[in-house]
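The values are calculated or read from the model by the stated rules, or taken from the named source; none is laboratory data. All values derive from a computational prediction rather than experimental measurement. Ideal geometry is used to build each Cβ from the backbone, glycine not excepted, and the neighbour counts take in all protein chains shown.
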Amino acid sequence: MEQSDHQWFMVQVKREQQRLRAWVRSLGVRADWVDDLAQDTFVVAAGKLGEFDRSKDFGAWLRGIARHLVINERRKESRRTRLLSEQMTAMLAEHAEDSAASPAITADDNERREALRHCLDQLSEDGRQLIQERYFEDLSATVIAQRSRRNSNEIRQALLRMRRNLLQCMQHQLREA
Amino acid sequence: MKGDPHHSELDHHLARFLEGDAEPVELEALAAEVANSPDLAHNLAALLALDQWLRDYAIGSDDSFAAGVAGRLNEIHESDRDFVSGVEQRLPKPQKKPGAIRTPRFLPWTLAAAAMIFALAWPIWRQGPKPGTTNHGTPVVALLVNAFDAEFAEAGSPDAVSFGPGYYHLTKGAAQVRFQNGADVILESPVEFHIEDALHMTLVSGSVRALVPPTATGFTVQVPDARFEDLGTEFGASVDAAAQRSELHVFEGLVEVKPPDNDELLASVTYGKAVAVDRGVVSAIPTADPERFATSSSIALRRWEAQRASLCRDPNLVFYFAFEDDGNQLENSATFGSDVPGNIHRARWVTGRWPGKRALQFENPGDSVLIDIPGNHAAFTLSSWIKVDRYDHSLNALLNSADWSPGRHHWQFNRLGLTASGSFEGRDRTPTSIRVVPGQWTHVAAVVDGVQGKATYYTNGELAMTETMPPGTVFRLGTMHLGTWTSPNKDWPPAVRDFRGRVDELAMWRRALTQTEIQTLVREGSPLGLLQGAIAP
């Protein structure tokens, strides 16, 4: 890659990486493998940068490559663990074109971060505590349950509720923005 | 929705799917639902995307990802280049030496390090162009890869770091020589020997330890009246020239003892056994004694001990914790250092870089050392040896000021092992793709120059991160926590940044050290003789 192409490309990496990671995750990739697959996507994109028309949407082009890579994952026997479920990924990838249009996927990083911060503040005390443990301390539902002497299914359900609340709030915020 | 058993079952599967722990039968059921409902598919995709935003939000900085991509692109670029020529360029240039008189030579570490790069590349080198020759016109069959205080006699010294067939006499210190086929021989002075070729050496007097990988099976050490032929193993050999007596101690595998001139098998010596050869007579002696033979690690330990002795006297040290204590306090070994105690809270004493050397293990919440650093600092350098067990948090704090306010400094690593440090006044933080890899003893250094307005972080002597700040920034580090950090504020999110691993050695200077000085700390403190992590090709 020419030096100028490399510089342009690295600017794109910084600009698109968060959106791309969210996209990769939304295709049913295991959380631990999201960074890896997103990096693979950028490496593949760098290799075929000559094919990209710079007047087009780079993010959309990346998402196409990522989708292709994730679908390919299903064919790789040894790497199947990168996916939560082969079957689910097949279906998520099928509907992925539509999800890409949602404001949450296309929103700018700062807007989305602000929306997330605002919505986290709207959660109940317990809800914040749960999100704190799950994401900021990176504890599994099982560990959170053990710590609070609760049933792990209750924790999973509570997390699902918090996520739904957050999502609803964020969609609202981002539409307003 | 409540009370609808269908919905609650779907939610149950959904919740487990999002946590990544759904059973196959649950996935099956969920897939069936999703297949019938595009809305559910979109909703699920949005929930997964949200999960990722939360993860990214928790990590905060995202420089490491871009650095990772840049690193991978760079790797691809690098592998296109001719590896062998790259390695050869790094080797010291041969010097013409006039006349036959040669002086005893101290072998500087830089040369040994260069040789090590060459030795690592050897498998490739063997398939490529012909190996070089020494200045004596002989082919290179072995290289010096590790040494402490090593001096060779006039009449028996290598050509810089290259050994061809010939006579050698190590008069001082210890050295490790790697043969072309991969066998390592560790020499403890005084020792005299001949190198015949890549598979054969003759021990005239003194003792050596040989580590023979499968590629070098058949490696033979000849002694008076016998030869020790190795079958993939580790052993020690010693010769008492005056008494015409030699010994063989086998630490691993099998070594055969044969006469010098034929293939008759005199003895097969296995793991833990030892024999003596006394004027051609082989006899068993008590068990193999590994203590008698130097190791790569024992050379490294001696090098560090020498470093420690000179470091203690450095007038610029604020504190130097060598981690050789066993109580509740770290002792400041800096002769001219400030009165800086290190109060250990719960962290346990464990084995450090070498057997017998101590380190602190940070394993449970609250394991820490509190260090009060008095005064203002215009510049400072921190240096430490760490072995990370794992990265539990988005940020993992090694040594952080208790809070985050003007003059404070945080020294930490992100989940990928990339440096994510900084000072309160800092900006333009730029990490490289150099990581602290879990499970390996790693040297880390923070060089913070408030006068120039620049901070530079190193991992194994390589640039890991830079940061700028307004020139003239003054630091007031205050109480620092080693091995943990918890946000003292009520901020969202309240952070937890416990370090998980071992720390062996921590020092602080009241000036900015240069990269060369940092690299010296790395070389002289490395637990391995061979600095693989530090100077990989």
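A few notes on this one:
- Pairs are defined by a Cβ separation below 7 Å, a sequence spacing of at least 6 or placement on different chains, a first member in region B:448-469 that is free of Cβ contacts under 8 Å to residues at least 24 places away in the same chain and within 15 Å of B:Gly422 (Cβ to Cβ), and a second member that is buried (at least 19 other Cβ atoms within 10 Å of the Cβ) and not small (Gly, Ala, Ser); the pairs so defined are B:Gly453/B:Met469; B:Gly453/B:Thr473.
- Restricting the first member to region A:151-165 and to residues that are over 11 Å from A:Gly127 (Cα atoms), and the second to residues that are crowded, with 16+ Cβ neighbours inside 10 Å, the beta-carbon pairs closer than 6 Å and six or more apart or on different chains are A:Ser152/A:Ala141; A:Ser152/A:Ala145; A:Arg156/A:Ala141; A:Arg156/B:Ala15; A:Arg156/B:Glu19; A:Gln157/B:Ala15.
- Test: residue in region A:59-76 that is farther than 23 Å from B:Ser37 by Cα, modelled with pLDDT of 85 or more, away from chain B (no Cβ under 11 Å) and part of a loop (DSSP other than H, G, I, E, B): no
- In region B:358-380 there is no residue that is in contact with a helix residue (DSSP H, G or I) (Cβ under 9 Å, 6 or more places away or on another chain), crowded, with 16+ Cβ neighbours inside 10 Å and farther than 28 Å from B:Val474 by Cβ.
- Take the conditions (1) more than 20 Å from B:Arg16 (Cα to Cα); (2) crowded, with 21+ Cβ neighbours inside 10 Å; (3) modelled with pLDDT of 90 or more; A:Ala96 misses just one of them, which is (3).
- Evaluated against (1) surrounded by fewer than 21 Cβ atoms within 10 Å (Cβ to Cβ); (2) of a type in the set (S, T, N, Q); (3) closer than 26 Å to B:Asp159 by Cα, B:Gln244 falls short on exactly one condition, (3).
- Residues being in a helix (DSSP H, G or I), more than 8 Å from every other protein chain (Cβ to nearest Cβ) and touching a residue at least 40 places away in the same chain (Cβ under 8 Å) - total across region A:25-58: 5
- For region B:390-444, the tally of residues that are on the phi > 0 side of the Ramachandran plot, surrounded by fewer than 19 Cβ atoms within 10 Å (Cβ to Cβ) and part of a loop (DSSP other than H, G, I, E, B) stands at 2.
Every residue, every condition in (1) buried (at least 17 other Cβ atoms within 10 Å of the Cβ); (2) in contact with a strand residue (DSSP E or B) (Cβ under 6 Å, 6 or more places away or on another chain); (3) at the interface with chain B (Cβ under 7 Å from one of its Cβ atoms), yes or no:
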| site | (1), (2), (3) |
| --- | --- |
| A:Leu116 | yes, no, yes |
| A:Leu120 | yes, no, yes |
| A:Arg134 | yes, no, no |
| A:Glu137 | yes, yes, yes |
| A:Ala141 | yes, no, yes |
| A:Arg149 | no, no, no |
| A:Ser152 | yes, no, no |
| A:Ile155 | yes, no, no |
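- Wholly within region B:120-205, strands (runs of 3 or more DSSP E) carrying at least 3 residues that are modelled with pLDDT of 90 or more and either in the same structural domain as B:Arg302 (by TED's automatic domain parsing) or of a type in the set (Asp, Glu) (or both): B:184-197
- Any chance B:Leu18 is modelled with pLDDT of 90 or more and more than 7 Å from chain A (Cβ to nearest Cβ): no
- Residues located in region B:181-217, provided they are under 18 Å from B:Ser246 (Cα atoms) and among the hydroxyl-bearing types (Ser, Thr, Tyr): B:Ser189, B:Thr202, B:Ser205, B:Ser207
- Check on B:Thr473, surrounded by 23 or more Cβ atoms within 10 Å (Cβ to Cβ) and outside any strand (DSSP E or B): yes
- Per the conditions (1) under 21 Å from the mean Cα position of the chain (by Cα); (2) of a type in the set (Asp, Glu); (3) exposed (fewer than 14 other Cβ atoms within 10 Å of the Cβ), the sole criterion not satisfied by A:Asp53 is (1).
- Residues in region B:459-495 that are at pLDDT 90 or above, within 24 Å of B:Pro341 (Cβ to Cβ) and of a type in the set (A, V, I, L, M, F, W, C): B:Val474, B:Phe475, B:Leu477, B:Met480, B:Leu482.
- Scan of region A:6-24 for residues that are of a type in the set (A, V, I, L, M, F, W, C), more than 14 Å from A:Ala66 (Cα to Cα) and more than 7 Å from chain B (Cβ to nearest Cβ), ordered by number: A:Trp8, A:Phe9, A:Val11
- Unmet requirement for B:Ala300, which otherwise passes all of (1) of a type in the set (A, V, I, L, M, F, W, C); (2) in contact with a strand residue (DSSP E or B) (Cβ under 8 Å, 6 or more places away or on another chain); (3) outside the structural domain of B:Val369 (by TED's automatic domain parsing): (3)
- Which listed residue is over 24 Å from B:Tyr391 (Cα atoms) and among the basic types (Lys, Arg), from A:Arg149, A:Arg128, A:Arg134: A:Arg149
- Residue check, A:Ala158 in contact with an Asp or Glu (Cβ under 7 Å, 6 or more places away or on another chain) and among the small types (Gly, Ala, Ser): no
- So B:Arg308, is it among the charged types (D, E, K, R), modelled with pLDDT under 90 and under 30 Å from B:Ala379 (Cα atoms): no
- Residue in region B:343-366 that is within 25 Å of B:Val447 (Cβ to Cβ), among the polar types (S, T, N, Q) and within 25 Å of the chain's Cα centre (by Cα) present: no
- First in region B:240-253 and of a type in the set (Ser, Thr, Tyr), second anywhere and not in a strand (DSSP E or B), Cβ under 8 Å, 6 or more apart: B:Ser246/B:Pro224; B:Ser246/B:Asp225
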